[in-house]
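Engineer: Here's a structure for you.
Throughout, read-outs are computed from the coordinates displayed, never taken from laboratory work. All figures in this text were calculated on a predicted structure; none of them were measured in a lab. Here the Cβ positions follow ideal geometry from the backbone for every residue, glycine too, while neighbour counts run over all protein chains shown.
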Amino acid sequence: MGDRVVIVTGGGQGIGRGLVEAFSNVGDHVVIAEIDEEAGREVEMELAKRQCPGDAWFVQTNVAVEESVSALVQHVTHRYGRIDVVVNNAGLGAPNVPVEELPVAVWDEILGVNLRGPFLMAKHTAPWLRQSRGCIVNIASTRALMSEANTEPYSASKGGILALTHALAVSLGPDVRVNAISPGWIEVGDWQKQSRRTHPVHRPVDREQHPVGRVGVPDDIAQACLFLASSASSFMTGQNLVIDGGMTIKMIYEPDDEVNA
């Protein structure tokens with residue numbers, strides 16, 4: 001681990017910011033592929049000030065646009081000559097809108113970033129990953145496995161990522177391993193760019209719905225990502241790690257229903 005060339009999409013805020021820091025802390029060269037210039041530059045400068053073992057470089061990227069992804073890969077390979085790890089983290093949330101009222105443009109936008117983005121990244125980095133015998137880690141969501149009402153675009157995009165993961169694992173193997181992580185509730189309010197940063201407070205009920213007794217933080221996902229990008233997971237491909245504090249395994253009943261469970 002260390003001295004690898006790692007691309008993290010959506011690396012300027014939230015979970016992506018935590019991923020960039022984690023890979024930089026182990027000595028990797030990390031590319032922050034981020035559409036938000038303010039966020040991307042902020043992370044780049046913060047890590048430079050900390051003098052981390054690795055380094056971080058911001059490249060403004062729109063993962064939903066093929067020309068932008070192609071340009072990213074050209075910039076990275078021109079600078080470093082290789083790509084070892086791709087983390088497809090960039091994603092958009094969606095407003096909770098009844099399916100009858102959902103504009104098709106919103107559906108297209110969410111699927112464009114959340115699902116077409118990882119496909120385009122795989123398409124354009126695959127030749128380089130084959131050379132390095134590298135890996136792809138796709139950040140999905142527990143929303144691929146469970147839903148709230150009126151979340152069709154986001155849930156469909158994350159479910160698609162899981163299917164894309166096992167398809168790519170077969171297509172790119174044995175040279176390239178492809179796995180996914182499905183985060184649950186990860187608190188990212190204090191991992192946003194400075195102008196949007198908040199300091200969240202969680203209620204006891206928020207913690208209690210997790211069997212581990214707390215809400216997740218970006219480092220929980222980062223540590224799993226480091227594992228999947230390392231030789232310690234060399235016999236894993238096409239898999240999905242659910243990192244949610246046990247939230248999806250806990251049955252929740254109203255008190256009157258418990259006798260019928």
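Engineer: Only counting other Cβ atoms within 10 Å, I'd like 119, 58, 235, 227 sorted with the fewest neighbours first.
Structural biologist: By the 10 Å Cβ count, ascending, the order reads 235, 227, 119, 58.
Engineer: Please compute the alpha carbon radius of gyration of region 57-99, then divide it by the globular-protein estimate 2.2 N^0.38 Å. Two decimals is fine.
Structural biologist: Here the answer is 1.55, to two decimals.
Engineer: Starting from 0.36 nm per residue, how many nanometres of slack lie between residue 209 and residue 132 once their C-alpha separation is accounted for?
Structural biologist: Gain in length upon complete extension: 23.5 nm.
Engineer: Next question. Starting from the Cα of residue 79, step 7 Å along the direction of its Cβ; do the same at residue 149; then give the gap between the two resulting points in nm.
Structural biologist: The answer from the label model is 4.7 nm.
Engineer: Going toward the positive end of the dipole of the chain, with +1 on Lys and Arg Cβ and -1 on Asp and Glu Cβ, which of 249, 86, 118 do you reach last?
Structural biologist: It is 86, whose Cα lies furthest towards the positive end.
Engineer: In debye, nearest 20: dipole of the chain around its Cα centre with unit charges on the Cβ of K, R (+) and D, E (-)?
Structural biologist: For the chain, the charge dipole is close to 1000 debye.
Engineer: At a 10 Å Cβ-Cβ cut-off, how would you order 236, 45, fewest neighbours first?
Structural biologist: 45, 236
Engineer: If we sort 150-160, 62-72 on the protection proxy, mean other Cβ atoms within 10 Å, highest first, what's the order?
Structural biologist: Final packing ranking: 150-160, 62-72.
Engineer: In the neighborhood of residue 123, defined by Cβ-to-Cβ distances under 13 Å, what is the net charge if each Lys or Arg adds +1 and each Asp or Glu adds -1?
Structural biologist: Neighbourhood net charge equals 0.
Engineer: So which trypsin sites (Lys or Arg not before Pro) in region 18-123 are both in a DSSP loop and have at most 15 other Cβ atoms within 10 Å of their Cβ?
Structural biologist: Loop-located and lightly packed - 82.
Engineer: Taking 7 Å along the Cα-to-C-beta vector as the label spot, tell me the residue 223-residue 108 distance in nanometres, rounded to one decimal.
Structural biologist: 4.3 nm
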